[in-house]
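Notes for the one structure printed next.
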Amino acid sequence: MDAPRLVQIDLDALWEPLAVGLQRAGVFAGLGINAANDPRLVNHRLPGSIKMIFVPDAITDEQLAECKHEFGLWILGNALREALEALETSLENVFRACSFVAAAMGKPVAIETAAKAFVNGGIGKRLKLLQAHFGIDSDRRIHLQSIVNLRNCLTHRRGFVAERDCNEPGRLLLKYQRLKFGIQRPNGEIVELPEEITAPIHVDVPGSWMVMQYVEAEKPFPLGARVLLSVPEMRDILFTFDRVFREMKPRVVEHFRAMGVPINEKLAGRNDEPA
């Protein structure tokens, strides 16, 4: 009889693809949007000694401005893709780890059948399988599915909403979460601050303090319309991914703890999460 083996699962490594993906999406979107908005950046030629001309030299300022605008939209679509694919990879890591532990504990799931469905499924299907087999889910599943629809619309249909993109009759309804800031006065009244704060905040009532809340947000895109996202909306979408990360990571730890798996608290508490 073979001696039992000690197997260690790095729980932080399961989520590393999502942590890295959010960092990449944020940085790349920032670089791209800043370039699209910078009037000094007008060179659209590929570098190199051999030039391939795809756009006439006589491009007008209006045409160049349109190209830069389209580039900004293209960047946002790619940032969404980066974040979504990173989440898919982390969810697959979690599923494989949970399946391994279940088998080791003598509680195997129908691994081959479930694994095949998992790999072939998108984020919505993967979350359903994680919930069905291991009780691990996200409270933001609806948000994520609407973001998937948005990404598909941007990458496959250049942002024009088709019937297959709609999650409600006649429209694509994007759901996400954002931070809301306000000033709470001593009497309990909260004065909401604008989403974009461009000047110093002056507290006019002594004893007041700043408060922060997570709030639901949504944006509809009618059938046939073009998806247009603002930079603050893109920021809030990435923030929603960050909330999924911080929500699901401890749920996976608690799942393993409930299965009787010893948890190294020091390693599980490593601070390697996205900012």
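Things worth noting here:
- Residue in segment 178-196 that is at pLDDT below 85, assigned to a loop (DSSP other than H, G, I, E, B) and among the aliphatic types (A, V, I, L, M) present: yes
- LEU80 being surrounded by 12 or more Cβ atoms within 10 Å (Cβ to Cβ), in contact with a Gly (Cβ under 9 Å, 6 or more places away or on another chain) and either closer than 30 Å to ARG246 by Cβ or among the hydroxyl-bearing types (Ser, Thr, Tyr) (or both): no
- PRO39 vs. criteria modelled with pLDDT of 85 or more and in a loop (DSSP other than H, G, I, E, B): yes
- Qualifying residue in segment 156-177 (condition: under 30 Å from MET259 (Cβ atoms) and part of a loop (DSSP other than H, G, I, E, B)): no
- Check on ASP61, loosely packed, with under 15 Cβ neighbours inside 10 Å and among the acidic types (Asp, Glu): yes
- When residues of segment 219-247 are limited to those that are assigned to a strand (DSSP E or B) and touching a residue at least 60 places away in the same chain (Cβ under 8 Å), the one nearest to LYS180 (Cα to Cα): PHE221
- When residues of segment 32-75 are limited to those that are touching a residue at least 40 places away in the same chain (Cβ under 8 Å) and aliphatic (A, V, I, L, M), the one farthest from ARG226 (Cα to Cα): ILE33
- Meets criteria (closer than 20 Å to GLU233 by Cβ and among the β-branched types (Val, Ile, Thr)) for ILE190: no
- For segment 150-164, taking the residues that are closer than 20 Å to LEU127 by Cα and surrounded by 20 or more Cβ atoms within 10 Å (Cβ to Cβ), the one that is modelled with the lowest pLDDT is identified as ARG151.
- Filter pass, VAL211 being among the aliphatic types (A, V, I, L, M), touching a residue at least 12 places away in the same chain (Cβ under 8 Å) and outside any strand (DSSP E or B): no
- Of everything in segment 48-76 that is assigned to a loop (DSSP other than H, G, I, E, B) and aliphatic (A, V, I, L, M), the residue that is nearest to ASP38 (Cα to Cα) is ILE59.
- None of ALA115, ALA86, ALA79 is more than 29 Å from LEU228 (Cα to Cα) and either assigned to a helix (DSSP H, G or I) or under 13 Å from the mean Cα position of the chain (by Cα) (or both) except ALA115.
- Meets criteria (surrounded by 13 or more Cβ atoms within 10 Å (Cβ to Cβ), over 30 Å from PHE256 (Cβ atoms) and of a type in the set (D, E, K, R)) for GLU70: yes
- Residue within segment 5-20 that is within 30 Å of GLY260 (Cα to Cα), assigned to a loop (DSSP other than H, G, I, E, B), over 26 Å from the mean Cα position of the chain (by Cα) and of a type in the set (Lys, Arg) present: yes
The values are calculated or read from the model by the stated rules, or taken from the named source; none is laboratory data. None of the values given here were measured: they were computed from a predicted structure. For neighbour counting, all protein chains shown are included, and Cβ atoms are generated from backbone atoms with ideal geometry for every residue, glycine included.
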